[in-house]
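The values are calculated or read from the model by the stated rules, or taken from the named source; none is laboratory data. Fair warning: this is a prediction, and the values are worked out from it, not measured in the lab. Because the Cβ atoms are built from the backbone with ideal geometry, glycine has one as well, and the counts that use them run over all protein chains shown. Each accessible area value is taken on the protein alone, full model and side chains, heavy atoms only, with ligands, DNA and RNA left out. Shrake-Rupley method; radii C 1.70, N 1.55, O 1.52, S 1.80 Å.
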Amino acid sequence: MKKDKVNKRKMNTYLKYGLIMLAAMIFGGFLGGGMSYLNHGAPLGQTIQDAAQMLVLGIRERMFFILLILFVACIIWNEWALHQMKAIEQRLEAVEEEDENDRLEYDLDRIYGITNIVHNIFMILDILILSTSYSAHYIDTVEDWQAYFWLAGMVVFVITFLYIGIGQIRVIKRIQRIYPQKKGDPASRKFARQWLESCDEAEKEAIYQGSYKAYMCIIRLLPILTALAMVFQMIWNTGIMAIVMLAIVWMVVSITYCKGCMMKKGEKLR
């Protein structure tokens, strides 16, 4: 009786997987057909393409000013975050109640985490803005004054990345000043490992859980993005480089995660 239930459960699992794959194929078919219809003369499709082209051209023409605004916004955020962390440091030195101490430590961790997110958002936005004009053909065909603005935008782009790197170091140094037990040189290639080793068990557990959630998010998102890149290549001839890069990231993430799990289990047997 128990064996029959197990076999039935297995069949249900296979059936469920088959239905999921069937639904995915049907959805992919509708998606591809819909995009193909939009691409071949449909008014809505032409409107979308025209709007996208106008957006790219508008960003390209204002690239320098957009990058400059993002740079100023990055400075404002980073300096505000450092000011808040310094204020928390001063309050931690004077606090006596344990509950208040825990709340301040949480506020410090929250500012540190949000600052990391903001830094990544600014870097990604800068790359997206620059990519609208990052073309040898565009640079060769523009007028001289446009080329000067493009070069000025490149300078702002590089300075922004340098400032973000320095800002991250300043934030980490501030935390290490508050918690001297936190080790690691932010400019070192081994910083992540040194920082992790200096964390207590509760912090390590939070890092492990966050890393696993990030892995699951990426491993679910990559197949979708790869499929979309394949659809775009088939319909709009966007090139295979996006597919290749996504496939490489997908493979590296999977191998790194599985290898890390096996090495961790192997350490317990030694």
Starting from the Cα coordinates of the range 56-159, work out the convex hull volume and express it per residue in Å³.
85
Got a sec to turn the phi values of the range 52-64 into Karplus ³J(HN,Hα) couplings, 6.51 cos²θ - 1.76 cosθ + 1.60 with θ = phi - 60°, whole Hz, x for Gly and Pro?
5, 5, 5, 5, 4, 5, x, 5, 4, 5, 10, 4, 4
Going by average Cβ neighbours within 10 Å, how do the peptides 107-114, 226-233 rank, with the highest at the top?
226-233, 107-114
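Per residue, how many Å² of accessible area does the range 110-172 show with a 1.4 Å probe?
Values: 3640 Å² over 63 residues.
Spelled out: the 1.4 Å probe surface of the range 110-172, per residue, equals 58 Å².
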Cα extents of the chain along the three principal axes, largest first (Å):
81, 70, 35
Note on the range 45-150: contact order normalised by length, alpha-carbon pairs under 8 Å, 6 or more apart, percent, works out to 43
Under a 1.4 angstrom probe, counting protein chains only, how are V155, V171 ranked by accessible area, largest first?
V155, V171
Rounded to one decimal in Å, the inverse mean reciprocal Cα-Cα distance for the range 175-216, i.e. its Kirkwood radius, is 11.1
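If you roll a 1.4 Å probe over the chain with all protein chains in place, what percent of the accessible area is carbon or sulfur? All intermediate terms of the calculation are to be shown ahead of the outcome.
Working: 13030 of 19500 Å².
Accessible surface attributable to carbon and sulfur in the chain totals 67 percent.
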Taking the Cα centre of the chain as the origin and placing charges on Cβ (Lys, Arg +1; Asp, Glu -1), which of L228, L108, Q53 is farthest toward the positive end of the dipole?
L228
Residue order for V72, V156, V95 - accessible surface, 1.4 angstrom probe, largest first
V72, V95, V156
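Show D126, D144 ordered by accessible area, largest first, where the area counts protein heavy atoms only and the probe is 1.4 Å.
Numbers: D126 0, D144 110 Å².
Sorted descending by solvent-accessible area, the residues read D144, D126.
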Student exercise, the chain dipole from Lys, Arg, Asp, Glu Cβ charges, in Debye to nearest 20:
1860
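So, counting K/R as plus one and D/E as minus one, what does the shell of residues with Cβ under 14 Å around I117 add up to?
Around I117, the surrounding residues sum to 0.
Using a ≥ b ≥ c from the Cα gyration tensor of the range 175-270 (square roots of the eigenvalues), is it rounded, prolate or oblate, where a/c under 1.5 gives rounded and otherwise the larger of a/b and b/c decides, a/b for prolate? Can you show the working numbers first?
On the way: a/c = 2.91, a/b = 2.05, b/c = 1.42.
Cα axes put the range 175-270 in the prolate bin.
Lys and Arg at +1, Asp and Glu at -1: add these up for the other residues within a Cβ distance under 13 Å of K190 and post the number. Don't skip to the end; give the middle numbers.
Details: positive: K183, R189, R193; negative: D185, E197.
So the surrounding residues net to +1.
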Coil-residue chymotrypsin sites (Phe, Trp or Tyr not before Pro) of the range 162-212, DSSP, other Cβ within 10 Å capped at 10
none
Taking the range 89-234 as the region of interest, what is the percent of Cα-Cα pairs per 10 angstrom bin, listed from the shortest bin to the one with the maximum distance?
9, 24, 28, 22, 12, 5, 1
Counting only C-alpha contacts under 8 Å and six or more residues apart, can you give the relative contact order of the chain as a whole percent?
18
